[in-house]
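Working notes for the structure below.
The values are calculated or read from the model by the stated rules, or taken from the named source; none is laboratory data. It should be emphasised that the depicted structure is a prediction, and the values quoted were computed from it without experimental measurement. Here the Cβ is made from the backbone with ideal geometry for all residues, glycine too, and neighbour counts use every protein chain on show.
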């Protein structure tokens with residue numbers, strides 16, 4: 001499979017290493033310094049583009065690929081308001097699009113555990129809930145896309161919760177997210193339910209970037225040759 005890497009920082013380089021180990025080829029590398037090379041001509045022969053950049057750049061990068069008929073896996077978070085537009089462009093140009101807040105296999109299993117726990121906790125208002133996330137200092141958006149996904153899953157299942165809040169415990173109908181940025185932390189997410197009697201916690205801790213990168217490559221392998229909009233649940237066969 002021929003892969004275009006859009007974003008060639010630490011994550012892009014990790015994706016490259018894993019893609020090459022799985023027998024794929026990297027045919028194009030786009031950074032902030034050569035963004036002008038992201039053209040339909042240069043994308044010719046590309047099976048899938050994998051995009052990990054910045055929230056302010058993701059939309060244009062993704063649309064450039066989809067309009068060229070190239071399938072896209074996107075791991076950039078913080079541009080959710082444009083994701084539906086990207087799905088529509090993918091359909092228009094008979095391409096495939098897969099965007100995820102987190103590509104880690106472990107995190108996607110964690111998502112399912114979070115939904116189950118929230119459903120079990122519904123009807124037990126004596127427990128308060130909060131989310132705490134920690135990432136490396138290079139991560140630009142806060143809270144993380146993963147934390148937002150976790151919070152939205154809880155909001156959908158807990159009566160009396162209508163939104164998430166950032167570093168704010170004062171709104172009773174909100175799910176508070178505490179966001180930390182520290183050196184050399186790939187990503188840790190904790191869901192905590194607390195009462196006067198006890199606490200219940202579930203935690204996912206990433207040890208390095210390899211889990212995210214492998215998931216992105218698996219997603220690229222899944223959508224190669226397909227058309228439409230997909231999620232990591234499709235890739236992992238989660239019902």
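For residue 94, the conditions (1) surrounded by fewer than 17 Cβ atoms within 10 Å (Cβ to Cβ); (2) touching a residue at least 40 places away in the same chain (Cβ under 8 Å); (3) in a strand (DSSP E or B) all hold with the exception of (3).
Of all residues in the range 206-224, those satisfying the criterion of being more than 17 Å from residue 77 (Cα to Cα) and modelled with pLDDT of 95 or more are 214, 217, 218, 220, 221, 222, 223, 224. A count restricted to the range 5-51 and to residues that are surrounded by fewer than 18 Cβ atoms within 10 Å (Cβ to Cβ) and in a loop (DSSP other than H, G, I, E, B) stands at 10. Of the candidates 172, 163, 115, the single residue that is modelled with pLDDT under 95 and closer than 30 Å to residue 197 by Cβ is 172. Quick one: is residue 58 under 30 Å from residue 175 (Cα atoms), assigned by TED's automatic domain parsing to the domain that holds residue 150 and crowded, with 20+ Cβ neighbours inside 10 Å? When the stated conditions are applied, residue 58 does not pass them.
Tell me which residues, restricted to the range 167-188, are loosely packed, with under 15 Cβ neighbours inside 10 Å, more than 22 Å from residue 106 (Cβ to Cβ), in contact with a strand residue (DSSP E or B) (Cβ under 9 Å, 6 or more places away or on another chain) and in contact (Cβ under 8 Å) with a residue 12 or more places away in the chain. Across the range 167-188, the qualifying residues are 167, 169, 173.
Just the residues that are part of a helix (DSSP H, G or I) and in contact with a strand residue (DSSP E or B) (Cβ under 9 Å, 6 or more places away or on another chain), please, taken from the range 121-149.
To start, the set of residues in the range 121-149 that are part of a helix (DSSP H, G or I) comprises 121, 145-149.
121, 146, 147, 148, listed by residue number.
Does the range 52-66 include one or more residues that are part of a loop (DSSP other than H, G, I, E, B), touching a helix residue (DSSP H, G or I) at 6+ places or on another chain (Cβ under 9 Å) and over 28 Å from residue 149 (Cα atoms)?
So in the range 52-66, the residues part of a loop (DSSP other than H, G, I, E, B) come out as 52-54.
Adding the requirement that they be touching a helix residue (DSSP H, G or I) at 6+ places or on another chain (Cβ under 9 Å) leaves 52-53.
Cutting the leftovers down to over 28 Å from residue 149 (Cα atoms) gives us none.
No: zero hits.
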